[in-house]
Amino acid sequence: MVKNNISNIMVIFGGRGDLTHRKLMPALYNLKYQKILPENFAVVSIGRRDKTEEQYRNEVLESVKNYSRFNIDEKIWQDLSKGIYYKKFDFTDGKGYIELSSFLEEIDKKYNAKGNRVYYLAVAPEYFGIIVEKLNRYGMVKNETSWQRVVIEKPFGEDLKSAQRLNKIITDVFTERNTYRIDHYLGKEMLQNIIVIRFANVFFEPVWNRRYIDNVQISSNETVGIENRGGYYEKAGALRDMVQNHMLQLLTLTAMEPPVNLDTESIRDEKVKVLKSLEIFTPGAVEKNIVRGQYVGYRQEDKVSPTSNTETFMALKVHVENFRWAGVPFYIRTGKRMPAKSTEIVIQFKPLPGILSKVITKCKVFDFTNIFDKITSEDLVNKNIQKGNFIIFKTRNSLVEDFDFEFVYLDKSGALYLKEKEIVGVGIDALGIERSQPDHETHKILLEAGIVILEGLRLKDVEEGEYFLYAAPLKIKGAEAAPTRAVLIKEE
Ligand SMILES: NC(=O)C1=CN([C@@H]2O[C@H](COP(=O)(O)OP(=O)(O)OC[C@H]3O[C@@H](n4cnc5c(N)ncnc54)[C@H](OP(=O)(O)O)[C@@H]3O)[C@@H](O)[C@H]2O)C=CC1
Ligand SMILES: O=C1O[C@H](COP(=O)(O)O)[C@@H](O)[C@H](O)[C@H]1O
């Protein structure tokens, strides 16, 4: 859209729907805010409810406030909103297209949009074909000096046959160059970064395979429910709504081989190879490797059957059966009404051998600079300490320059608490983790539990939080302790 001849009118079918309000309108505002929306541009939204333009613009403003990345700037909003129009008609009915066509001609002149159109089908999938055929029948796709484009997300058909049928309807009307079968996940920054992380980073590429990776977890969790989309969602469910499109895009980019270059076809070819390598699900495998769930209250949503079995949560274990990935499980999870919103890909590397995995690991730094004397179990109970954690205590020891014989230490109750929690290691900014304790109880409790102790850390400039710790000791045969250069790397 940022090249020449980008003046256009964008026609949104489904102008009152969730996609339009939660994604499209906020995205247009973001583009306007960043000054990358064309000057000669207007939006015509189609809905089937009575609504004045002013009412519609106010509704859009609410959505932009809720979902845009940028704050509302009155001037920018006014500029954008005066180019947003609302037309009421039922898009299955031909009559509306005649009126729409003459309205578009009219505002085309006003905005000098040169006949260019983006038809965005933000509607349930069963309408994709109907709208495309009607746009053609009523002469709204010319493919001459101007361009007309169609944008469709998903689900693209219900099975192979219906997808082929839909493709035929679309390609009979729009040229391939003007057909945008999109997946909005591909616009996410994280996804765009995967290729760079994988192929332009000498550290990752050599270890990106079954020899070093234990499993891959791809998750997209949402806190929202189906938000008035019962009509659409009942027929789709999480599998069609999220898994077959977004989640598989994430999987293919994570698993594909390096493309010969970065053009669309080369990347697509590599993704297809990954899809072809996916293990075929047999009924037995479905039973074992797939979990479906539904959030409480789903059956009471508008346009949802009270006995609905549509899934709003889905978890799958799949395998990419090729040389790079044989034996590595890929876990896919997605769900609505989950406790927190997150979209993430976790690459779980195989554990390092023996002691190294305990000292080259994620860790948590707790700020105990307010403690004067010793760290006890009472100081630890409200901290988020889990089995397998490496814990580091930042105390007032880090803030003094001279050696203080009264340094802060970990007492017996604290050591017992950490043992009970089954942590793997503990670090402190004193030369010893204990201070003149009879029988060296803290040391004994920790060492007998196999907990690694790091002493003499310097944490003055380290804030409380999660880090990656590198503290490989010198390899000294028979030694019970060894010097290490401990480094913390901030986890983003
Ligand atoms: N929501 C999202 O985050 C995303 C959705 N998508 C895709 O976008 C598409 C639309 O989804 P979504 O916005 O969620 O669905 P919605 O059900 O929220 O929106 C569809 C809109 O179409 C309108 N509509 C239905 N029938 C007619 C008709 N005959 N004439 C005029 N208007 C009509 C509905 O009007 P009314 O309000 O009157 O019912 C509704 O506003 C789907 O293909 C979905 O897969 C893709 C990516 C993200
Ligand atoms: O395509 C869809 O995606 C959204 C989630 O998108 P995100 O960018 O917010 O992660 C989802 O809510 C919707 O059900 C689905 O149709």
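Quick notes
- Subset of the stretch 173-187 [charged (D, E, K, R) and not in a helix (DSSP H, G or I)]: Arg181, Asp183
- Residues in the stretch 156-204 that are in contact with a helix residue (DSSP H, G or I) (Cβ under 6 Å, 6 or more places away or on another chain) and more than 30 Å from Pro258 (Cβ to Cβ): Gly157, Leu166, Ile169, Ile170, Val173.
- Residues (at pLDDT 95 or above and out of contact with any Phe, Trp or Tyr (no Cβ under 8 Å at 6 or more places or on another chain)) located in the stretch 265-280: Asp269, Glu270, Lys271, Val272, Lys273, Val274, Leu275, Lys276, Leu278
- Qualifying position, being modelled with pLDDT of 95 or more and within 16 Å of ligand 2 (Cβ to nearest atom), among Gly225, Gly231: Gly225
- Pick from the stretch 120-136, criterion crowded, with 19+ Cβ neighbours inside 10 Å and within 27 Å of the chain's Cα centre (by Cα), ranking: farthest from ligand 1 (Cβ to nearest atom): Tyr120
Results for (1) assigned by the TED database to the domain that holds Pro483; (2) more than 30 Å from the chain's Cα centre (by Cα), shown as yes or no for each residue.
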position: Ile345; (1), (2): no, no
position: Lys364; (1), (2): yes, no
position: Asn370; (1), (2): yes, yes
position: Ile375; (1), (2): yes, yes
position: Phe390; (1), (2): yes, no
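- Checking each residue of the stretch 16-24 against the condition of being of a type outside the set (A, V, I, L, M), closer than 16 Å to Lys82 by Cα and either in contact with a helix residue (DSSP H, G or I) (Cβ under 8 Å, 6 or more places away or on another chain) or assigned by the TED database to the domain that holds Gly129 (or both) gives no match.
- Yes/no for Thr254 being in contact (Cβ under 8 Å) with a residue 60 or more places away in the chain, assigned to a loop (DSSP other than H, G, I, E, B) and among the hydroxyl-bearing types (Ser, Thr, Tyr): no
- Of the candidates Gln244, Gln294, Gln249, the single residue that is more than 12 Å from ligand 2 (Cβ to nearest atom) and of a type outside the set (A, V, I, L, M, F, W, C) is Gln294.
- Residue check, Thr175 more than 30 Å from Lys350 (Cα to Cα), away from ligand 1 (no atom under 16 Å from the Cβ) and of a type in the set (Ser, Thr, Tyr): yes
- Test: residue in the stretch 161-171 that is at pLDDT below 90, of a type in the set (Gly, Ala, Ser) and either within 16 Å of ligand 1 (Cβ to nearest atom) or buried (at least 18 other Cβ atoms within 10 Å of the Cβ) (or both): no
- Candidate set from the stretch 121-160 (those that are assigned to a helix (DSSP H, G or I) and within 16 Å of ligand 2 (Cβ to nearest atom)); member that is nearest to Thr175 (Cα to Cα): Phe128
- The listed residue being closer than 26 Å to Asp183 by Cα and at pLDDT below 95, out of Leu316, Leu262: Leu262
- Unmet requirement for Val207, which otherwise passes all of (1) surrounded by fewer than 13 Cβ atoms within 10 Å (Cβ to Cβ); (2) without any contact (Cβ under 8 Å) to a residue 40 or more places away in the chain; (3) away from ligand 1 (no atom under 16 Å from the Cβ): (2)
- Scanning the stretch 252-276 for residues that are surrounded by fewer than 17 Cβ atoms within 10 Å (Cβ to Cβ) and either polar (S, T, N, Q) or within 12 Å of ligand 2 (Cβ to nearest atom) (or both) returns Asn261, Thr264, Ser266.
- Of all residues in the stretch 429-455, those being assigned to a loop (DSSP other than H, G, I, E, B) and either closer than 15 Å to Gly414 by Cβ or modelled with pLDDT of 95 or more (or both) number 10.
- Whichever residue in the stretch 42-80 is touching a helix residue (DSSP H, G or I) at 6+ places or on another chain (Cβ under 8 Å) and of a type in the set (Val, Ile, Thr) and, among such residues, is nearest to Asp93 (Cα to Cα): Ile46
- Near pairs, Cβ below 9 angstrom, 6+ apart or cross-chain, from the stretch 326-342 (within 16 Å of Asn245 (Cβ to Cβ) and of a type outside the set (Asp, Glu)) to any residue that is more than 11 Å from ligand 2 (Cβ to nearest atom) and assigned to a loop (DSSP other than H, G, I, E, B): Gly335/Tyr295; Gly335/Glu311; Lys336/Tyr295
- Only one entry of Glu106, Glu39, Glu99 meets the criterion of being outside any helix (DSSP H, G or I) and either out of contact with any helix residue (DSSP H, G or I) (no Cβ under 8 Å at 6 or more places or on another chain) or away from ligand 1 (no atom under 15 Å from the Cβ) (or both), and that entry is Glu39.
- Leading residue by the ranking (nearest to Ile194 (Cα to Cα)) among those in the stretch 212-243 that are more than 12 Å from ligand 1 (Cβ to nearest atom) and under 14 Å from the mean Cα position of the chain (by Cα): Ile218
- Test set (1) surrounded by 19 or more Cβ atoms within 10 Å (Cβ to Cβ); (2) within 38 Å of the chain's Cα centre (by Cα) - Asn397 fails condition number: (2)
The values are calculated or read from the model by the stated rules, or taken from the named source; none is laboratory data. No experiment lies behind these values; they were computed from the predicted model shown. Note that we place each Cβ from the backbone using ideal geometry, even for glycine, and neighbour counts take in every protein chain shown.
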